[in-house]
Amino acid sequence: MKIKKILVSQPQPTSEKSPYFDISEKYGFKIDFRQMIKVEPISSKEFRTQRISILSYSAIIFNARHGIDHFFRICEDLRITIPETMKYFCVTESVAVYLQHYIHFRKRKVFYVNTGKMADLVTLMNKHAAEKYLLITSDVQNEETQSALEKSKFVCDKAVMYRTVSNDFAPNEEFNYDMLLFFSPLGIAALKKNFPNFEQGDIKIGCFGATTCQAVKDLGLRLDFHAPTPEAPSMTKALEDYMKEYVKNYKK
């Protein structure tokens, strides 16, 4: 079976320079970006039950742009004025730049890394170990983030300001893919919720992260490739390596 259509369960890249587009053009398949999960806000009332005093922290960690939106939403709801001295640490430059929607962007208080990896951001944060950090997150903890923070040298607490839920398919929405790429166990759970009678057959499945891979196996599905690995640190590299071998064998 030739691979003609792939579902990537992530938002569509904002830049046309994404490796996904290069790979799809090189190997001649159509690629759809369609999140299996979506973000919903928690109320300020729910947030209060966490007993977190935002102003007792000197630095905020953001690993996504919607985390920024929900942080400032909660602050507005609770009538909290963030001091000019607050520092912000972001996992990518694009997340850092997004802060301009809410604050005057100044390099002396906004820090970021270019790799998008929490481990690299933690390395930067370790140079500011005297700060008291607050991570803005969802109700589901990212495996990479947890692992990186466990190795940190600073004080860091977590504030849940939004939740991650299944982004259900509409009854008339097509689901005719030859390959599915997942990035969290919640994406696998959403697949099962939307399609309880899902049969994999020849459909290829690729996953990012150990817990996502395990979720696939727990459902009795076949895992065809995964990342990160020493050879393929990213999902795009794992996809390209898989397609290279697939096309080679397909032509035999």
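The values are calculated or read from the model by the stated rules, or taken from the named source; none is laboratory data. Since the structure is predicted, the reported quantities are computational estimates derived from the model, not experimental observations. Positions of Cβ are generated from backbone atoms using ideal geometry, with glycine treated the same way; all protein chains shown enter the neighbour counts.
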Looking at the stretch 13-25 only, could you name the residues that are exposed (fewer than 13 other Cβ atoms within 10 Å of the Cβ) and either of a type outside the set (Asp, Glu) or modelled with pLDDT of 95 or more (or both)? 14, 15, 17
Residue 118 - would you say it is more than 21 Å from residue 76 (Cα to Cα), surrounded by 16 or more Cβ atoms within 10 Å (Cβ to Cβ), touching a residue at least 12 places away in the same chain (Cβ under 8 Å) and within 15 Å of the chain's Cα centre (by Cα)? yes
Tell me, yes or no, whether the stretch 178-189 has at least one residue that is more than 22 Å from the chain's Cα centre (by Cα) and under 27 Å from residue 22 (Cβ atoms). yes
Boolean, residue 67 is part of a helix (DSSP H, G or I) and surrounded by 12 or more Cβ atoms within 10 Å (Cβ to Cβ): yes
Can you tell me how many residues in the stretch 99-152 are assigned to a loop (DSSP other than H, G, I, E, B), hydrophobic (A, V, I, L, M, F, W, C) and over 26 Å from residue 213 (Cα atoms)? 5
For the stretch 203-229, pairs from a residue that is on the phi < 0 side of the Ramachandran plot to a residue that is surrounded by fewer than 19 Cβ atoms within 10 Å (Cβ to Cβ) and polar (S, T, N, Q), with Cβ under 7 Å and 6 or more apart or across chains, are 221/200; 222/200; 227/234; 228/234
Residue 89 - would you say it is aromatic (Phe, Trp, Tyr) and either in a loop (DSSP other than H, G, I, E, B) or at pLDDT below 90 (or both)? no
Restricting attention to the stretch 154-165, does a residue exist that is aromatic (Phe, Trp, Tyr) and in contact with a Pro (Cβ under 6 Å, 6 or more places away or on another chain)? yes
Reported set for the stretch 68-120 where residues are in contact with a strand residue (DSSP E or B) (Cβ under 6 Å, 6 or more places away or on another chain) and more than 25 Å from residue 52 (Cβ to Cβ) is 93
Mind checking which residues of the stretch 37-72 are without any contact (Cβ under 8 Å) to a residue 60 or more places away in the chain and within 25 Å of the chain's Cα centre (by Cα)? 43, 44, 46, 64, 65, 69, 72
Looking at the stretch 166-175, is at least one residue part of a loop (DSSP other than H, G, I, E, B), touching a Ser or Thr at 6+ places or on another chain (Cβ under 8 Å) and either closer than 27 Å to residue 43 by Cα or touching a residue at least 60 places away in the same chain (Cβ under 8 Å) (or both)? no
Cβ-Cβ below 6 Å, separation at least six or inter-chain, first residue in the stretch 236-249 and within 13 Å of residue 20 (Cα to Cα) and polar (S, T, N, Q), second modelled with pLDDT of 90 or more and surrounded by fewer than 18 Cβ atoms within 10 Å (Cβ to Cβ): which pairs? 236/19
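Would you check if there is a residue in the stretch 194-212 being farther than 21 Å from residue 25 by Cβ, assigned to a strand (DSSP E or B), aromatic (Phe, Trp, Tyr) and out of contact with any Phe, Trp or Tyr (no Cβ under 9 Å at 6 or more places or on another chain)?
No; the residues of the stretch 194-212 include none that is farther than 21 Å from residue 25 by Cβ, assigned to a strand (DSSP E or B), aromatic (Phe, Trp, Tyr) and out of contact with any Phe, Trp or Tyr (no Cβ under 9 Å at 6 or more places or on another chain).
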